[in-house]
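The values are calculated or read from the model by the stated rules, or taken from the named source; none is laboratory data. Because the structure is predicted, anything quoted here is derived from the model rather than measured. Here the Cβ positions follow ideal geometry from the backbone for every residue, glycine too, while neighbour counts run over all protein chains shown. Quick note on the areas: whole protein, heavy atoms, side chains included, nothing else; ligands and nucleic acids left out. Shrake-Rupley method; radii C 1.70, N 1.55, O 1.52, S 1.80 Å.
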Amino acid sequence: MLLIVDALNKHRFGALLDQMYQLRARVFQDRMGWDVNVRHGREIDLFDGLDPAYVLTLNNSYEVTGCARLLQTTGPHMLSDVFHDILDGEPPLRSANLWESTRFCVDRKLLSGGQGTNTVSYTTSELMVGILEYAKSSGITDIITVIDPLMDRILHRSDNAPYDYVGKTADMGKVKALAALIDCSEERIQKVRNFAGITGNIFLPEEEVASALAITNDAVLDPTVAAYCRDQIDAATNERERAAAIALQNALAGVQTGRTRAFDA
């Protein structure tokens, strides 16, 4: 199931964003070898400070199993400000109805051995559908996305093939990258749903997730410690400070329950 986290509700789901940042570090730095900024095991860049919308896939324990980031193209975004080689001299496309999708990834380790809706392939398709449905409901007509050739093949196999490409294929760390254009049409959504066997509503109620996370935190942390952590999270002035405060909360929760967590230096 999916949850949308944006500027309006991110204060409620900081712990999920922290999981997302850690997942992105494992995928884009460790696995793909991209030149990304990772600190303390979390990949956060300047575009995370521009109030993007995040599409998160969650398992039954409300853990992040996949993510994608959506950002308007009318202002700074990755294709216009970072991936210059892909554009190959062409001007970036800018439109209020065209949004950029980046940082698409799923947690292969967490989903390893899963069945049904907890497999990598299903989660990947569900994330695609979530991006398209959220975009369509928000008045977005098209998505431009920076992908590698493997993801391009996955898009084609899942009946979600791009209708066009921008610029050229360029080297990006251990892999190559290209910019693809995808329309947010009902026809495309139904094709991906049919491919993966996805039916019904795939978005979780925000209150359900918030309540589940609150119950987990209250059960784990001493009330005084929990209040301190909430104060630190609320006092954060940017995404890096917020991520650090949430990391502290997670570390304290791990200590109090006897769990161990690995953090990069």
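General observations
- Looking at the range 41-106, the DSSP beta bridges with both ends there are about 100 percent antiparallel.
- Solvent accessible area, Å² - HIS40, 1.4 Å probe, full protein context: 100
- Here the range 1-40 is assigned +1 on the Cβ of each Lys and Arg and -1 on the Cβ of each Asp and Glu. Its dipole about the Cα centre then comes out at about 60 debye.
- DSSP bridge pairs, the range 75-185: antiparallel proportion in percent, nearest 5: 75
- Between the range 128-201 and the range 39-93, the alpha-carbon center distance in angstrom: 14
- Gyration tensor verdict on the range 108-208 (Cα atoms; rounded if a/c is under 1.5, prolate if a/b is larger than b/c, oblate otherwise): oblate
- Among beta bridges from DSSP that stay inside the chain, the antiparallel ones total about 85%.
- For ILE131, the solvent-accessible surface with a 1.4 Å probe is about 10 Å², rounded to the nearest 10.
- Computed over protein heavy atoms with a 1.4 Å probe, the carbon and sulfur contribution to the accessible area of the range 12-132 reaches 46%.
- 1.4 Å probe accessible area per residue over the range 26-120, in Å²: 47
- Value of relative contact order over the range 25-174, rounded to a whole percent, pairs C-alpha under 8 Å and six or more apart: 25
- Computed accessible area, LYS174, all protein chains, 1.4 angstrom probe, square angstrom: 150
- The order of ASP88, ASP148 by accessible area, most exposed first and with a 1.4 Å probe, is ASP88, ASP148.
- Extended-chain gain in nm, criterion 0.36 nm per residue less alpha-carbon gap, ASP51 and THR237: 65.7 nm
- The chain - charge dipole about Cα centre, Lys and Arg +1 at Cβ, Asp and Glu -1, debye rounded to 20: 680
- Measuring nothing but how far apart in sequence close Cα pairs (under 8 Å, 6+ apart) lie, relative to its length, the chain scores a relative contact order of 21 percent.
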